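Visitor: Right, I'll just put the structure down here and ask away after.
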Amino acid sequence: MDSAKVLDVKGLACPMPIVKTRKVIGELDSGQVLEIEIHATDKGAKNDLAAWAASGGHELIQHEEEHGVLKFWIKKG
Amino acid sequence: MDGNSNWDRKLIFFFEFENTIGGSKVTINVMTSGEVTKKVYNREELFILDVRNQSDFQDWKIEGANFSYLNIPYFELLDGVEEILGEIPADKNILVTCAKEGSSVMVAEMLSEAGLNVFYLEGGMKAWSEHLEPVKIADLTDGGQIYQFVRIGKGCLSYMVVSNGEAALIDATRMTDVYIDFAKRIGATIKHVFDTHLHADHISGGRSIAQKTGATYWLPPKDATEVTFKYSPLEDGNDVSIGHTTIQIQALYSPGHTIGSTSFVVDQKFLLSGDILFVDSIGRPDLAGKAEDWVSDLRETLYSRYKELSGELIVLPAHFMIIDELNEDGSVSEKLGTLFEKNHGLNIADESKFRSLVTENLPPQPNAYQEIRETNMGKINPDIDKQREMEIGPNRCAVR
């Protein structure tokens with residue numbers, strides 16, 4: 001996946017994963033893709049990121065889990 | 001959105017708040033799970049602003065007879081709370097809740113800055129799920145006591161029977177320190193720890209408490225065929241006494257929720273019914289995957305075995321489903337005779353109707369119930385964060 005930027009929010013407590021994601025995505029152009037890494041066990045951040053992306057008009061284009069890390073690719077709306 | 005938004009300012013404040021608790025200029029009030037529990041018991045009013053995402057809120061929330069709610073996810077409030085100020089009543093206590101606390105502190109802070117007097121829930125829904133409220137049910141013969149530990153956020157009930165400095169625990173949760181500290185405070189030594197069955201909705205603390213205190217851990221062998229640890233087999237007719245005045249704890253085989261489910265008659269006055277019979281519902285037979293096989297057992301337990309017991313026995317179940325089941329003092333109990341009159345699940349004369357009630361249209365199964373069963377068997381050993389996550393949400397062990 002070709003992403004404009006990679007953001008690591010592993011280990012951050014709520015609300016920081018979304019706060020940081022929101023800030024970084026604000027710096028991207030519409031259509032660019034941001035890759036976000038969270039701990040796969042952090043179910044809260046996982047659900048919230050998906051819900052936040054949907055409510056903000058961004059597109060969650062893919063996610064995959066590898067070695068306990070969950071990667072999201074969000075396309076800026 | 002400009003770079004120097006209102007939000008950035010709040011965020012900076014939020015960080016400062018995190019670093020200088022006590023030195024903060026704006027007052028943020030904290031409410032503990034224990035204080036919320038008192039409001040539930042006293043049927044007080046409380047306005048809950050729940051800032052978790054909508055699906056989490058719809059799945060499970062803090063219930064109270066006179067609580068009202070607004071659910072706005074915190075990530076929709078990052079630019080400020082101005083838009084929701086009109087929806088927050090001025091004449092009620094306001095409690096902001098989230099999953100683990102962080103987001104509710106942030107939102108409570110923003111509301112405080114906007115001039116409101118608000119509380120956030122200490123530890124969030126995580127703490128709410130783990131809170132145990134001990135309630136004394138009664139004095140027993142010759143000076144003993146029986147206590148019910150109400151896990152108010154999740155609807156789990158566990159018990160401590162005490163006599164002459166000795167205690168027995170039934171269906172203890174994984175918050176083991178609460179029981180151990182409580183026993184210490186009342187000067188009792190925990191001698192016996194029982195699980196009425198292999199639980200599927202919450203992680204048992206039984207084995208761990210037995211290890212820490214040297215108590216005997218009892219499990220019904222028919223539920224324990226796959227467990228990886230040693231236990232004492234709990235069988236019909238087992239009679240355990242605690243204290244030298246012999247408070248009797250008599251085991252009664254009562255299958256149906258699981259094949260091994262066992263009830264207890266304590267002091268000839270109390271029927272600890274496990275997950276077989278609740279105040280306003282009955283157990284479901286499907287959580288170990290064998291609904292069809294176990295319907296007949298469930299029927300026989302409820303309609304024959306329990307029917308033969310004295311109607312004067314006080315039923316003390318292992319769960320409640322809805323907040324209406326709480327008595328005024330916060331306890332959950334009812335006379336067996338009254339349940340035979342009023343509990344719908346005990347009044348279905350037609351066996352095929354009973355069969356369809358308990359096998360069709362069942363509520364969703366509890367979160368992670370297979371993993372919870374495996375944990376209780378000792379097959380997997382998830383860390384504490386994983387255990388919390390597995391237990392998130394309401395219990396769903398009953399059918400109404």
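Every read-out reported here was derived from the displayed coordinates using simple, explicitly stated rules and does not represent laboratory data. Small disclaimer: the values here were computed from a predicted structure and weren't measured. Using ideal geometry, Cβ is built from the backbone for each residue, glycine included, and neighbour counts are taken over all protein chains shown.
Visitor: Per-residue Cβ counts within 10 Å, from other chains only, averaged over B:49-56: what number is that?
Guide: Taking the mean over all residues of the peptide, I get 3.
Visitor: Just the Cα atoms of region B:105-261: what Rg and Dmax do they give in Å?
Guide: Rg then Dmax for region B:105-261, in Å: 18.7, 64.
Visitor: Does region A:16-77 come out rounded, prolate or oblate by the C-alpha gyration tensor, with a ≥ b ≥ c the root eigenvalues, rounded set by a/c under 1.5 and, if not, prolate when a/b is larger than b/c and oblate if not? Mind showing how you got there, number by number?
Guide: On the way: a/c = 1.80, a/b = 1.57, b/c = 1.15.
Prolate.
Visitor: Hey, got the average number of other protein chain Cβ atoms within 10 angstrom for residues in A:13-25? List each step's numbers first, then the result.
Guide: On the way: counts 6, 13, 15, 6, 1, 5, 9, 0, 1, 5, 6, 0, 0.
For this peptide, the per-residue mean of nearby foreign Cβ atoms is 5.
Visitor: B:Lys212: which aspartates and glutamates have alpha carbons under 19 Å from its alpha carbon, excluding same-chain residues fewer than 8 sequence positions away?
Guide: Answer for B:Lys212, where 19 Å is the Cα cut-off: B:Glu166, B:Asp171, B:Asp177, B:Asp181, B:Asp195, B:Asp383, listed by chain and number.
Visitor: Tell me the volume per residue, in Å³, of the convex hull enclosing the alpha carbons of chain B.
Guide: Dividing the Cα hull volume of chain B by its residues yields 154 Å³.
Visitor: Could you pull out the GluC sites (Glu not before Pro) across region B:339-400 that fall in loop regions by DSSP (anything but H, G, I, E, B) with no more than 16 other Cβ atoms inside 10 Å? Each step should come with its number before you reach the end.
Guide: Details: sites: B:Glu341, B:Glu351, B:Glu360, B:Glu371, B:Glu374, B:Glu389, B:Glu391; in loops: B:Glu360.
Here the GluC sites (Glu not before Pro) that fit, given the DSSP loop and packing criteria, are B:Glu360.
Visitor: Need one number: convex hull volume per residue for region B:287-392, Cα atoms only, in Å³.
Guide: In region B:287-392, the Cα hull volume divided by residue count equals 147 Å³.
Visitor: If you look for lysine pairs in chain A that are eight or more places apart or on different chains, how many of them have Cα atoms under 16 Å apart?
Guide: So the count works out to 17.
Visitor: Continuing with the same structure: So what's the angle, to the nearest 10 degrees on a 0 to 90 scale, between helix B:291-300 and the longest Cα principal axis of chain B?
Guide: Long axis of B:291-300 versus the principal axis of chain B: about 60 degrees.
Visitor: Right, here's the next one. Taking only DSSP H segments of four or more residues, each worth -39500 (n - 2.57), what value at 222 nm results for the protein assembly as shown once the sum is divided by all its residues, to the nearest 500 deg cm²/dmol?
Guide: -8000 deg cm²/dmol
Visitor: Round to the nearest 10 and give me the degree value, 0 to 90, for the angle of helix A:16-26's Cα axis relative to the longest principal axis of chain A.
Guide: 20 degrees
Visitor: Taking the highest mean first, how do the peptides B:179-186, B:143-150 order by number of other beta carbon atoms within 10 angstrom per residue?
Guide: B:143-150, B:179-186
Visitor: When a/c is below 1.5 the answer is rounded, else prolate if a/b is larger than b/c, else oblate, so apply that to region B:354-400 with a ≥ b ≥ c taken from the square roots of the Cα gyration tensor eigenvalues.
Guide: prolate
Visitor: Please give the Cα centre distance for region B:316-338 versus region B:44-96, rounded to the nearest Å.
Guide: When both Cα centres are located, 28 Å separates them.
Visitor: Here's another thing I want to ask about it. Under 27 Å from the Cα of B:Lys269, which lysines turn up, not counting those fewer than eight places away in the same chain?
Guide: In chain and number order, the partners are B:Lys136, B:Lys154, B:Lys184, B:Lys191, B:Lys222, B:Lys307, B:Lys335, B:Lys342.
Visitor: Let me ask you something else. In terms of the Cα gyration tensor, with a ≥ b ≥ c the square roots of its eigenvalues, is region B:229-277 rounded because a/c is under 1.5, prolate because a/b exceeds b/c, or oblate? Kindly include the intermediate steps, with their values, before the conclusion.
Guide: Details: a/c = 2.66, a/b = 1.36, b/c = 1.96.
Here region B:229-277 falls in the oblate category.
Visitor: Moving on to the next point. Under 18 Å from the Cα of B:Lys38, which aspartates and glutamates turn up, not counting those fewer than eight places away in the same chain?
Guide: B:Glu63, B:Glu122, B:Glu130, B:Glu133, B:Asp324, B:Glu325, B:Glu328, B:Asp329
Visitor: What is the sum of charges around B:Lys386, taking Lys and Arg as +1, Asp and Glu as -1, for the other residues whose C-beta is under 13 Å from the C-beta of B:Lys386?
Guide: Spelling it out: positives minus negatives among the neighbours equals -3.
Visitor: What does the charge add up to near B:Met175, with Lys and Arg as +1, Asp and Glu as -1, over the other residues with Cβ less than 9 Å from its Cβ?
Guide: On the way: positive: B:Arg151, B:Arg174; negative: B:Glu130, B:Asp177.
The answer is 0.
Visitor: Please give me, ordered by residue number, the trypsin sites (Lys or Arg not before Pro) of region B:294-323 that lie in loop per DSSP and have at most 16 other Cβ atoms within 10 Å.
Guide: Here the sparse-neighbourhood loop sites are B:Lys307.
Visitor: For region B:221-328, which GluC sites (Glu not before Pro) are both in a DSSP coil and crowded by at most 16 other Cβ atoms within 10 Å?
Guide: B:Glu226, B:Glu235, B:Glu308, B:Glu312, B:Glu328
Visitor: From the phi angles alone, apply the Karplus equation (6.51, -1.76, 1.60; θ = phi - 60°) to region B:128-144 and give each ³J(HN,Hα) in whole Hz, x where the residue is Gly or Pro.
Guide: 4, 5, 9, 6, 10, 10, x, 10, 6, 8, 6, 7, 9, 3, 6, x, x
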